[in-house]
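**Student:** Sharing a structure, written as structure tokens. Questions coming.
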Amino acid sequence: MDADTLFGMMSTTKAMTALAVGMLVDENKVAWDDPVSKHLPRLRLPNAYLTEHVTIRDLLRHTAGLQNADLLWDREDLDTQAILARLDRIPTTAGLRSDFVYHNVLYQVAGEVVAAASGMSWDRFITIRILKPLGMTRSHATLQEVLDRKDGNVSVAHVDVDRQLWAIAENPVDRVPAAGAAWSTAHDAGKWLAFLLAGGVVDGRRLISEQSFRELFLPQVTVPRSQWAYPTLGLTGAHWTTYGLGWFQQDYRGQFVAMHTGSMDGRTAMVGLIPDAKAGVFIFGNLDHAEFRHALLWKALDLCMGAPDRDWNRACLELYGGLKAKAALAQQEADQARVPGTRSSHPLAAYAGTYVHATWGDLIVSLEGDRLLLRLGPSQRNRGILEHWHFDTFRTRFGDGRGGWSKVGFTLALDGSVGAAVLDDPTLTFTRVAEPPKPKP
């Protein structure tokens with residue numbers, strides 16, 4: 001591993017998508033406040049009002065109000081267009097521009113706007129208009145490009161399962177690339193940081209106007225502390241938290257900080273900027289949820305500002321250790337809520353079948369031997385063995401189990417048969433499909 005080893009950028013890619021839109025604003029091909037329908041007339045959102053009024057700015061600052069829809073692209077059996085075709089089925093959790101609701105799939109819609117306005121695909125635009133001018137010669141817009149190049153200097157994703165490290169296969173984000181599919185290296189990321197700290201200029205050439213560049217970092221929406229993505233907020237003593245166009249933002253030691261993490265199975269990334277101090281840090285990792293990245297970021301920014309020394313490693317270790325202990329306690333309390341000595345209302349075979357949801361697709365429950373198996377789409381990550389918990393509730397650990405236990409409850413129809421399956425969240429209710437009648441002999 002060296003400075004040219006490739007790593008996933010994940011959600012730090014969002015800043016490139018916002019930059020691409022800014023370039024098109026300069027060319028008068030789009031405007032920040034254009035309705036998305038102006039450029040994507042076939043796109044349908046959950047209701048006519050949203051379809052007509054959601055703007056490009058809403059996509060980039062996460063204010064469209066749609067419920068998180070990551071389950072769509074995590075299924076692996078839906079391509080980009082199939083995912084976008086289901087946007088009209090996604091529930092809303094907030095009114096338009098009334099709240100911050102982080103949304104990867106809607107960032108892909110912004111990528112579709114880039115494609116429609118520029119006449120080239122999002123990944124080609126990113127490559128030609130951003131990566132090449134910046135000299136980021138080893139960077140790629142998608143995982144597929146990395147694979148096509150057959151580059152041997154690529155990091156391997158890892159997960160920690162029961163304190164053992166395991167190499168895992170990639171979970172590509174290429175189905176929603178504008179949300180987080182780019183790959184880069186430490187060397188190339190330095191060029192990206194230099195470009196950002198120079199205000200959008202590389203080698204004396206301005207790639208985006210000063211006005212559009214400022215818009216990227218202008219606070220667009222307040223993010224309540226309860227919705228802030230990073231537990232380190234308490235350690236940094238921030239007084240305010242906002243989101244720009246592709247950037248989380250806060251104050252630190254009297255300075256404006258723009259930052260973003262990226263996370264995917266077996267991978268982490270983090271970028272942080274203090275523009276006024278001309279300081280920037282980019283961190284890559286190939287271990288699932290390696291939160292040491294936060295300690296590195298804040299330590300590096302302290303060094304750049306000449307701040308008093310602080311043991312960020314210890315502070316973050318204690319913080320995340322406390323969160324882990326809190327989660328373990330919550331699991332213990334959930335275990336204690338289990339009612340002992342109960343049985344399911346039906347034999348296991350009665351739960352086997354196909355359950356459907358208009359948005360999230362099919363959920364298959366099958367009986368193999370004396371156990372029930374559940375799968376949501378073809379991905380191994382979304383498969384698990386159902387263990388009886390109590391009454392008609394079961395539990396499972398999806399994939400390799402690192403995500404912990406999830407509950408699956410079954411409800412009965414009026415005739416007493418198994419009628420639906422509910423995955424943890426009541427909005428994830430899958431209705432059972434009636435089995436076709438068996439042909440008479």
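The values are calculated or read from the model by the stated rules, or taken from the named source; none is laboratory data. Please read all numbers here as calculations on a predicted model, not as lab measurements. Cβ placement follows ideal geometry from the backbone for every residue including glycine, while neighbour counts extend to all protein chains displayed.
**Student:** Condition check: surrounded by 15 or more Cβ atoms within 10 Å (Cβ to Cβ) and of a type outside the set (Val, Ile, Thr). Does residue 323 satisfy that?
**Tutor:** Criteria not met by residue 323.
**Student:** Now for a different question. Pairs, please: C-beta under 8 Å, at least 6 apart or cross-chain, first residue under 11 Å from residue 232 (Cα atoms) and in the range 304-322, second of a type in the set (Lys, Arg)?
**Tutor:** So the pair list comes out as 312/299.
**Student:** Among residues belonging to the range 407-418 that are surrounded by 15 or more Cβ atoms within 10 Å (Cβ to Cβ) and of a type outside the set (Phe, Trp, Tyr), point out the one that is farthest from residue 159 (Cα to Cα).
**Tutor:** Restricting attention to the range 407-418, the residues satisfying the condition of being surrounded by 15 or more Cβ atoms within 10 Å (Cβ to Cβ) are 408-410, 418.
Next cut, of a type outside the set (Phe, Trp, Tyr) only: 408-409, 418.
On the way: 408: 25, 409: 28, 418: 36 Å.
Within the range 407-418, the match that is farthest from residue 159 (Cα to Cα) is 418.
**Student:** Note down all Cβ pairs under 8 Å where the first residue falls in the range 345-356 and is at positive phi, the second is exposed (fewer than 14 other Cβ atoms within 10 Å of the Cβ), and they're at least six residues apart or on different chains.
**Tutor:** As it stands, the answer is 353/433; 353/435, since those pairs meet every condition given.
**Student:** Let me ask you something else. Scan the range 194-206 residue by residue and report those that are crowded, with 18+ Cβ neighbours inside 10 Å and assigned to a helix (DSSP H, G or I).
**Tutor:** Residues satisfying the conditions are 195, 196.
**Student:** Here's another thing I want to ask about it. If the Cβ limit is 9 Å and pairs must be 6+ apart or interchain, which residue in the range 160-179 that is surrounded by fewer than 17 Cβ atoms within 10 Å (Cβ to Cβ) pairs with which residue that is assigned to a loop (DSSP other than H, G, I, E, B) and hydrophobic (A, V, I, L, M, F, W, C)?
**Tutor:** 160/290; 167/156; 167/157; 169/157
**Student:** Moving on. Counting just the residues of the range 51-69 that are within 13 Å of residue 32 (Cα to Cα) and not in a loop (DSSP other than H, G, I, E, B), which one comes out farthest from the chain's Cα centre (by Cα)?
**Tutor:** Kept after step one, since they are within 13 Å of residue 32 (Cα to Cα), are these residues of the range 51-69: 53-61.
Then drop every residue that is not not in a loop (DSSP other than H, G, I, E, B), which leaves 53, 55-61.
Details: 53: 24, 55: 21, 56: 19, 57: 19, 58: 17, 59: 14, 60: 14, 61: 14 Å.
The qualifying residue farthest from the chain's Cα centre (by Cα) is 53.
**Student:** Looking at (1) within 27 Å of residue 311 (Cα to Cα); (2) small (Gly, Ala, Ser); (3) under 20 Å from the mean Cα position of the chain (by Cα); (4) in a loop (DSSP other than H, G, I, E, B), which is the only condition residue 226 fails?
**Tutor:** All conditions pass for residue 226, except number (4).
**Student:** Considering every residue within the range 278-299, establish whether at least one is more than 23 Å from residue 9 (Cβ to Cβ) and either surrounded by fewer than 23 Cβ atoms within 10 Å (Cβ to Cβ) or β-branched (Val, Ile, Thr) (or both).
**Tutor:** Taking the range 278-299 first, the residues more than 23 Å from residue 9 (Cβ to Cβ) are none.
Looking through the range 278-299, none of the residues is more than 23 Å from residue 9 (Cβ to Cβ) and either surrounded by fewer than 23 Cβ atoms within 10 Å (Cβ to Cβ) or β-branched (Val, Ile, Thr) (or both).
**Student:** Since residue 52 meets every condition but one in (1) within 30 Å of residue 268 (Cβ to Cβ); (2) surrounded by fewer than 21 Cβ atoms within 10 Å (Cβ to Cβ), which condition does it not meet?
**Tutor:** (1)
**Student:** Residue by residue through the range 117-145, note down the ones that are assigned to a helix (DSSP H, G or I) and surrounded by fewer than 19 Cβ atoms within 10 Å (Cβ to Cβ).
**Tutor:** Hits for the range 117-145 are 124, 128, 144, 145.
**Student:** Is it the case, given these coordinates, that residue 344 is among the polar types (S, T, N, Q), at pLDDT 95 or above, touching a helix residue (DSSP H, G or I) at 6+ places or on another chain (Cβ under 9 Å) and farther than 30 Å from residue 235 by Cα?
**Tutor:** Values: among the polar types (S, T, N, Q): yes; at pLDDT 95 or above: yes; touching a helix residue (DSSP H, G or I) at 6+ places or on another chain (Cβ under 9 Å): yes; farther than 30 Å from residue 235 by Cα: yes.
Taking the combined requirement at face value, the residue satisfies it.
Residues are listed down the side, and each one gets a yes or a no for (1) touching a Gly at 6+ places or on another chain (Cβ under 9 Å); (2) closer than 26 Å to residue 89 by Cα:
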{"position": "342", "(1), (2)": "no, no"}
{"position": "347", "(1), (2)": "no, no"}
{"position": "350", "(1), (2)": "no, no"}
{"position": "378", "(1), (2)": "no, yes"}
{"position": "383", "(1), (2)": "yes, yes"}
{"position": "413", "(1), (2)": "yes, yes"}
{"position": "418", "(1), (2)": "yes, yes"}
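**Student:** Identify, from the list 323, 373, 386, the residue that is within 30 Å of residue 75 (Cβ to Cβ), in contact with a helix residue (DSSP H, G or I) (Cβ under 9 Å, 6 or more places away or on another chain) and outside the structural domain of residue 237 (by TED's automatic domain parsing). Steps first, answer last, please.
**Tutor:** On the way: 323 fails: in contact with a helix residue (DSSP H, G or I) (Cβ under 9 Å, 6 or more places away or on another chain); 373 fails: in contact with a helix residue (DSSP H, G or I) (Cβ under 9 Å, 6 or more places away or on another chain).
Going through 323, 373, 386 in turn, the sole match is 386.
**Student:** A follow-up question, please. Is there any pair with a first residue in the range 20-40 that is basic (Lys, Arg) and a second that is at pLDDT 95 or above whose Cβ atoms are under 8 Å apart and which are 6 or more apart or on different chains, and what are they?
**Tutor:** These pairs meet every condition: 29/117; 29/118.
**Student:** Listed residues 2, 33, 88, 77; which is of a type in the set (Asp, Glu) and not assigned by TED's automatic domain parsing to the domain that holds residue 270?
**Tutor:** Values: 33 fails: not assigned by TED's automatic domain parsing to the domain that holds residue 270; 88 fails: not assigned by TED's automatic domain parsing to the domain that holds residue 270; 77 fails: not assigned by TED's automatic domain parsing to the domain that holds residue 270.
Exactly one of 2, 33, 88, 77 is of a type in the set (Asp, Glu) and not assigned by TED's automatic domain parsing to the domain that holds residue 270, namely 2.
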